[in-house]
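No lab work stands behind these numbers, since they all come straight from the coordinates. Values in this document were obtained by computation on a predicted structure and should not be read as measured data. Positions of Cβ are backbone-derived with ideal geometry, glycine not excepted, and every protein chain shown enters the neighbour counts.
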Amino acid sequence: MAVVVNLRSLRKARDRAAKRAEADQNAVKYGRSKSERERDAAEADKARRDLDGHERE
C-alpha cells in the first residue's frame, strides 16, 4: 500500500533546507568572530586617536 505524502510539507522542508544552506554559506563568507570585530574596532579607535593627535591648531 502507498504512503500518503503531503506535498506542501515536503516543499516547505525543501525550502527551509535551501535557506539554511544559503545562510551557512553567508556565515562563512561574511561572518566574523566577536574577537575580530573587537580588534577592528580597537584599531579604528587607535587610528582616529592618532589622527586627532596630529591635528594642527
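Numerical summary
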read-out: Cβ-placed point charges (K, R +1; D, E -1), dipole of the chain about Cα centre in debye, nearest 20; value: 800 debye
read-out: Orientation-averaged projected area, Cα convex hull of the chain (nm²); value: 7.0 nm²
read-out: Table column - 3J(HN,Hα) (Hz), the range 40-48, Karplus curve with 6.51, -1.76, 1.60, x for Gly and Pro; value: 5, 5, 5, 5, 5, 5, 5, 4, 5
read-out: Helix-only mean residue ellipticity at 222 nm for the chain, each DSSP H run of n ≥ 4 adding -39500 (n - 2.57), per residue, nearest 500; value: -27000 deg cm²/dmol
read-out: Crossing angle, helix 7-30 versus the chain [Cα axis fit, 0-90 degrees, rounded to tens]; value: 20 degrees
read-out: At R0 = 22 Å, FRET efficiency that the Cβ-Cβ distance of Asp24 and Ala47 yields, to 0.05; value: 0.10
